[in-house]
Structures are given as C-alpha cells and as structure tokens.
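Chemist: Handing you a structure now.
Where a number appears in this text, it was derived from the coordinates with a stated rule and is not lab data. Being a predicted model, the structure only gives us computed values, none of them experimental. A quick note on method: Cβ atoms are made from the backbone with ideal geometry, for glycine too, and the neighbour counts reach across all protein chains shown.
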Amino acid sequence: MPKLTIDGREIEVEQGTSILQVAERLGIFIPHFCYHKDLSWAGNCRMCQVEVEKAPKLVISCATVAAEGMVVHTKSEKVKKAIRGVMEFLLLNHPIDCPICDQAGECFLQDYYMSFALHDSRIEINDKLKKRKKIDLGNNIVLDTERCVLCSRCIRFCEEVTGTRELQFVKRGSKTEITTFFDKPIDNPYSGNLFEICPVGALTSRNFRFKCRVWFLKKIESVCPVCSTGCNIFICSTNKSMGSYPAGGVDDQIVHRFLSRYNPSVNRSWLCDEGRFSYKSINASNRLGNALRKAGDDLQTLEYGESLTMLHGNLKSIKEKYGPESIVAVASPQRTNEDIFLFRKYFKEVIKTPNILLGETSGRESALQMEDSLLRRKDKNPNTRGAIEIGVREIADSEKLLDIINQGKIKALYLMNSGIIAGRNGNERIKEALKKVEFAVTHATHMEEGLKYFNLILPVSTFAEREGTFTNYSGTVQKLNKALNPSADSKGDWEIIAELMKRMDYPLKTLKSEDVFCMLSEEVFSFKGMTYGNIGDSGMVLKSQEF
Amino acid sequence: MEKRISEEKAHVTAILKGLILTITSLLRNIFLGDKPTIQYPEEKRQYSERLRGVHILNKREDGSPKCVACYMCATVCPAECITIEAGESSDKSIEKYPVRFEIDMLRCVFCGLCVDACPEEAIIMSKEYECSFYSISDSVYKKEFLMNRPSLEKGELGYRPEINPNLRGKGGKFLPFSFFSKNKS
C-alpha cells in the first residue's frame, strides 16, 4: 500500500493505482484526453503531465503507477508550461469550427483551452493542415479527422471492449488520422459509445447531428428500459417549461439523446445502440394522450375521470356477476416496481382474483436482439426480476394469454401493457379472442393498430415521464427520474390503480411514487429497508431470500 | 428654526432658477425659432452611428446565408427572441446552415448582443428603427425577409462589433484563433 503526497495532501492507495486515479480520488483535476477509466492506459496525449519530485522529467500521471513516498505537484509552473505546450501542438492544425461542431460545450479541447492554455496560435488559419471532414461511418457515426487529437480512445474501445477492431491510425506525423478500412461503416452493436468517449468532435452522432446545442440540454439520471440489464443513462432533453431551451424553441419537449451514466456494477461507461437510440419512441408522434373508448369500429376520446368511472363500474359489476375468477389481470415487466406492486395488491386484495399473470412481451424480431456477454440480454423487459420478487410469478406470453381467453371463462381482461397483444401479428386472432371477453381494458403509451379491439384504453406515461424503480436481472434496484412532463392525461400505472383502489374503499393514503415504494419495501422482504433516498444513483441490490 | 428657513430659501432660489430656464427656452423657441420638435415622419432625426435597429442577415457571394446556425445569438439573447433550426447543408465546406431563422420583433429588446456573439458576422444591425406590423404573425421576421432587405443594405448600417476588418471571415472560413482569445495569459 504505497503512501504518496499530491499537492500537499497525503493518501494511501492500493498497489497499481495510477497517479491520475489517485488525484481523481482526492478531487484534484488533471486534464487528460486519452485516459478513460474503462480502457487501458495509452499515455499518448501527454496532457496529464505532472511533476514528481526527484524524477528527472515530468511524468504522465495516467500511466505512472503511484509509488511509496512520491511527492507530486499538479499545479506547478513547470506543469502549467508543459500543458500549454501540449495544447498548442494539439490545436496547431485544429480547424476551430466550434460553431458547427456538435461537441462544442462538452469538448475537452474547448474546456482545457479556456482553463489551461489561452494562447495565440502561431499559425495562420490558411496555413493549417487540411484533412478529410464529414466522413460517413455507418448510420450512427460521422468522422471529422481535422478535429481529432489522436487520443486513440475509440481505437482502444474497438479493440478491448467490442473486440471488433474497426478503427486504426493511418499515415504518419501531423498527417496521422483515424479511419476504418476504406471508410467501411462501423456497424457493431456498441458503436454509439465511440462518439460518447470521443473527447473532441472527431466522432459525432449522426442522429444527434445539428439537432440541438448541448448547453440547452437537461440531463436527468434514469435507467435504460430496453432490456433487463438496466444500464444507467442520462436522458438529455430540451424542455421549455423547465427553462432549458430559449423560448420559441421548436417544440415543448424533445428527448435528443441518451448518454451512458457510469455505474461500475452494471454497465460501467457503456450503452448498447439499441438502448441508446430507443429515445426516439418517446418523441414518437403516436404517443397516447387521452383515454379512449370503443365506439363501434372507432375509438372515442374520453375524459380521464369518466374513464376511471367506467373502468371501476365495469370491473365491479363483472366481479359481482361472474365472480372474481372471471377477471384476468396481466402485469407488465415493462413497468416499474411501484406499478406492479400496486397492481398486484389491487387484484389480489381488492378484486381477489387468482389470475394475476406476468405478460412477457417476447422479444422484438430484429437482428440486434441477440444476447452478448457485455450488456445486451435476451429478456427485453427491464423489470422481470422485480415483478417476480413482488410476487407476480406466473409468466404468460401472448400465445398462452390467447389460449386462456379462448377457453371462454374470462369475462374481463386487464392488461398493464398493450404490447403483449396489440402490435403483434395476427390481428384477426386477437380480434376474435377479444370478442369473447366482455370487457377488455389496457394501459398504453403509444397508439397501436391492435388497440381498437379493446373496450377501454388508458393512457400511461413512458418511463421518462415518471419516477419509479426498475429491478434488473441481477437484482439491482435502480431509480428512474422524471425527465419530461407527461403528455396530456397520461398518468403512471400505479396512479390509475390507486384511484381504483380508493373507489373500492381501500384505505390508501399514498399520493406520491415514493410512498408506494415505501409500502413496497415494507411488504416485500427482498426490498426491505430501501427508500428512494438510500437507493441513490448507483442502485441497491435486493436482499436474498435464502434465510 | 434658522436652519429650516435657510433650507426654504434654497428652494425658492432653485425654483426661480428653473423658471428662468423654462421661460428663456420658451421665449427663444417663440422668437428665434430654435425648436427641438421635428415633423416626424416627414423629417427624421439623425441618430448615432451605432444605432441598434432591425437585424439583417448577411449573405455569402452566392446568396446563401452566411449564418452557420451555431446558436450563439440564440444562446446569448436575453429576450429569447431568436429561433433557429439547423440543417445539413449540401455544400460540404459549410456543413451547417439555418433551415429556419426567426426573430420575434415584439420580444426583441435591440440590445445587440446577438451581433456581438456572432462568430461569422452573419447577423448585423441596420439603422432602421421603424418596425410596425399589421398582425402578430408579421412580427416574427423570417429568414428570407431578414436576408433580403436591399433597402436596408444600401442604407447605413447600424451597430456592429468593432472588429478589425482584416480579420473578418470570408465565405465559410472561420476567424483566426486569436480573435476568440480575449483573455490573453
């Protein structure tokens, strides 16, 4: 355990920690380009130089292992001068096209220039070396070799994380640039990470290109809803009502991108493309805002209050007429723990039906949905584990559900997510099956073709529009935060259920998502002791039920 | 008591001074015809060289907007009156251009910060200060309208940031780095 001093502060660290990591732990910032906490040490940008007493020259802190008795200075004149020199070299041929660069605002070059360099260039703008710009690297990435600082983060990512090795340096000296083999598109399932780890504007996102300047974006911590890994993300959105976009902005609220959020126990710094680009569904034009009722072949808009009255009335009369066994409730692993918990409570304790199923939406048919050892998992539902822990254990896919309906004993069907039936192929079969049900109701986030066979459709908010928690496959409970305002009448699923419970005279005081979670942690053993406060940003692992 | 009287005396003198000024001005206006009133709109007042009037969007030689949709003006605007929507330009050397560029003239406070912020000298100000509209939708000046105001371009230009004309960027090029570094170390 070496003991060293950095800027006058003493610290003891594990063997093998680099000086930069030690400084990070102390809260001392050392500028760097090539160092990334989840990649190997390259030490080629020379930005992180520090002065170590008794060492003949400055050393690069990212690749120098802390040793016993080291005395490190990160802010001495010698270091400042060296950093300024490095910056001058890096910016020598930089095109300074910050106005049209999407990285501007979160660019390491910009930040370091302002805080460490502030020099005048010794080269005229027209004498700068020209390189290739705006090169298409597949559907997700645009490469600009002029802006590159040759830190090799992207190259190491392709080598060490995905193992695909698409990118490499070519040419020599100041003409060096990164490229794929003859600009072959990068199509690995983690390509989105490349533009996220790029410290400058060399690799930028094609989807985010020119959509919004980064300083207008609001970053909210959340969890990716695309598979059961539950990667930590930031939802970056513009929201006029939250004051993060100048008035007269294009629309009220738009999600522009997802960024990965560092969580060493879940996703480290990475995010798969499927998850990264799933934000588009939140902005989709077919988002449902109002409750809908079947009127003949069409759907008719309904007031929120009216829809609840209708729902309550129908469920109650069916329960009295045919008994609680005639009601089937299908919870969805796409929804949060709070939703599933209250849903189960309502149907178990109030309606008293034995038929509470977990509607598994079998994976979407696409080439991207394979499982791999890095992040992606076959189970495309973010909260299957949570539902099982809460007690909704009987898993049903759409085939099984259709079978149950076709037996004809079911009079009321309550779906928490329309996805299990609607939006599937074979609409005719669904239509026939749902005809046998007296009252079919579903919660839905998006308008889909299959929805028109339901008697009542309640709008619910997407994961980005609400607070809640997801439990990932390994049992880490992670918190979602509200990034957007829900569209029109849409509510959280549990809010609808809570209303129904109140109408059934169930004593329920809860109004906030947090209170529902408190109820959950009191009643379900594996969630014991958890609150929104102590889950924190990195999540909390479920208690094991072994003992 | 004495102090109070002296104070009141001071008021009297001040009032008298004021009245003398008023009356002399009145007499001068009546008899010498030295009137500050002008017959607007037939007559117009000469304003400062740096008057901040209605905006103009500069064009390149080929008639496309000089603006690269960097959002600097929209970011700095205290009245939040500028709306920009960026798009991919077909010209590879330009890359980014404004698909939409609108200024809400009813919100604009004519502070000129957008002109200061512009790295391309794409937005400048004319000396026109009369902007009247018949409807609210007319008050939002669109890109085409802001770009094509020959009457204003021929007339004198108003407020512009004082930069060395030799440093000015030309079509698609950017200003030298030294221009951006105001705080020299």
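Chemist: Give me the tail of P(r) for segment A:392-482 as a percent: Cα-Cα pairs with distance above 20 Å.
Modeler: That fraction is 43 percent.
Chemist: Something else: Using R₀ = 35 Å, calculate the FRET efficiency as 1/(1 + (r/R₀)^6) where r is the Cβ-Cβ separation of A:Glu12 and A:Asn534; round to 0.05.
Modeler: E(calc), rounded to 0.05, equals 0.80.
Chemist: Rounded to a whole number of µm²/s, how large is the Stokes-Einstein D of chain A at 4 °C and 1.567 mPa s, given Rh as the Kirkwood radius over C-alpha pairs?
Modeler: 50 µm²/s
Chemist: If you scale each eigenvalue of the Cα gyration tensor by 5 and take the root, what three semi-axes come out for segment A:249-327, rounded to whole angstrom and sorted largest first?
Modeler: 40, 22, 11
Chemist: A further question follows. Round to the nearest 0.05 the FRET efficiency obtained for A:Glu88 and A:Met1 when R0 = 41 Å and r is the Cβ-Cβ distance.
Modeler: 0.60
Chemist: Starting from the Cα gyration tensor of segment B:55-162, take the square roots of the eigenvalues, sort them a ≥ b ≥ c, and report rounded, prolate or oblate (rounded when a/c is under 1.5, otherwise prolate if a/b is larger than b/c, else oblate).
Modeler: The shape class here is rounded.
Chemist: Which pairs break 21 Å Cα to Cα here: A:Lys133/A:Lys219; B:Lys59/B:Lys143; A:Lys321/A:Lys431; A:Lys348/A:Lys435; A:Lys81/A:Lys133?
Modeler: A:Lys133/A:Lys219; A:Lys321/A:Lys431; A:Lys348/A:Lys435; A:Lys81/A:Lys133
Chemist: Taking the Cα atoms only, what angle lies between the long axis of helix A:77-92 and the longest principal axis of chain A, rounded to 10 degrees?
Modeler: 70 degrees
Chemist: Give the angle, between 0 and 90 degrees and rounded to the nearest 10, that separates the Cα long axis of helix A:304-322 from the longest principal axis of the Cα atoms of chain A.
Modeler: 50 degrees
Chemist: By how many degrees, 0 to 90 and rounded to 10, does the Cα axis of helix A:513-523 deviate from the longest principal axis of chain A?
Modeler: 70 degrees
Chemist: With label points built 7 Å along Cα→Cβ from the Cα atoms of B:Ile23 and A:Arg132, find their separation and express it in nm.
Modeler: 8.9 nm
Chemist: Let me ask something additional. Given H placed on each backbone N at 1.01 Å, which residues far from A:Leu129 in sequence or on other chains put an amide H within less than 5 Å of it?
Modeler: Correct list: empty.
Chemist: Here is a follow-up. Take every residue in peptide A:122-134, count the Cβ atoms of other chains within 10 Å of its Cβ, and give the average of those counts.
Modeler: Partner Cβ neighbours, averaged per residue: 2.
Chemist: Which parts of segment A:4-46 would a label at A:Glu53 reach, counting a residue when its backbone N lies under 18 Å from a point 7 Å out along Cα-to-Cβ?
Modeler: A:4-13, A:19, A:23
Chemist: Please give the average number of partner chain Cβ atoms lying within 10 Å of the Cβ of each residue in B:66-72, rounded to a whole number.
Modeler: Taking all residues of B:66-72 together, the mean is 4.
Chemist: Return A:Ile420, B:Ile124, B:Ile94, B:Ile20 ranked ascending by Cβ neighbour count within 10 Å, so the fewest neighbours appear first.
Modeler: With the fewest neighbours first, A:Ile420, B:Ile124, B:Ile94, B:Ile20 line up as B:Ile20, B:Ile94, B:Ile124, A:Ile420.
Chemist: Using the charge dipole of segment B:1-142 (Lys, Arg: +1 at Cβ; Asp, Glu: -1 at Cβ; taken about the Cα centre), state which of B:Ile38, B:Val68, B:Ser135 has its Cα farthest towards the positive end.
Modeler: Ranked along the dipole, the leading option is B:Ile38.
Chemist: Related question: Which listed residue (A:Leu129, A:Asn239, A:Phe157) has the Cα farthest towards the positive end of the charge dipole for segment A:125-283, taking +1 on Lys and Arg C-beta and -1 on Asp and Glu C-beta about the Cα centre?
Modeler: With unit charges placed on the Cβ atoms, the residue in question is A:Leu129.
Chemist: Under a straight-distance cross-link criterion of Cα-Cα below 18 Å, which lysines are reachable from B:Lys9, leaving out those fewer than 8 residues away in the same chain?
Modeler: B:Lys17
Chemist: Let me ask something else. Would you please give the FRET efficiency between A:Gln168 and A:Glu106, computed as 1/(1 + (r/R0)^6) with r the Cβ-Cβ distance and R0 = 30 Å, to the nearest 0.05?
Modeler: After rounding to 0.05, the efficiency reads 0.70.
Chemist: Based on DSSP H runs of at least 4 residues, each adding -39500 (n - 2.57), what is the mean residue ellipticity at 222 nm of chain A after dividing by all its residues, to the nearest 500 deg cm²/dmol?
Modeler: Rounded to the nearest 500, it is -6500 deg cm²/dmol.
Chemist: I'd like the distance between the alpha-carbon centres of segment A:372-403 and segment A:261-280, rounded to an integer number of Å.
Modeler: Cα centroid to Cα centroid, the span is 20 Å.
Chemist: Something else: Taking every pair of distinct Cα atoms and averaging 1/r, then inverting, what Kirkwood hydrodynamic radius in Å comes out for segment A:3-92?
Modeler: So the Kirkwood estimate lands at 13.1 Å.
Chemist: Follow-up. Arrange the following residues from fewest to most other Cβ atoms within 10 Å of their Cβ: A:Phe116, A:Phe470.
Modeler: Final ranking by Cβ density, sparse to dense: A:Phe116, A:Phe470.
Chemist: Only sites in a loop by DSSP and with at most 16 other Cβ atoms within 10 Å count here; which trypsin sites (Lys or Arg not before Pro) in segment A:1-102 make the cut?
Modeler: Those that pass, being in a loop and sparsely packed, are A:Lys37, A:Lys54, A:Lys57, A:Lys75.
Chemist: Further, regarding this structure: Please compute, for peptide A:110-121, the average count of beta-carbon atoms on other protein chains lying within 10 Å of each residue's beta-carbon.
Modeler: Going residue by residue through A:110-121 and averaging, the value is 3.
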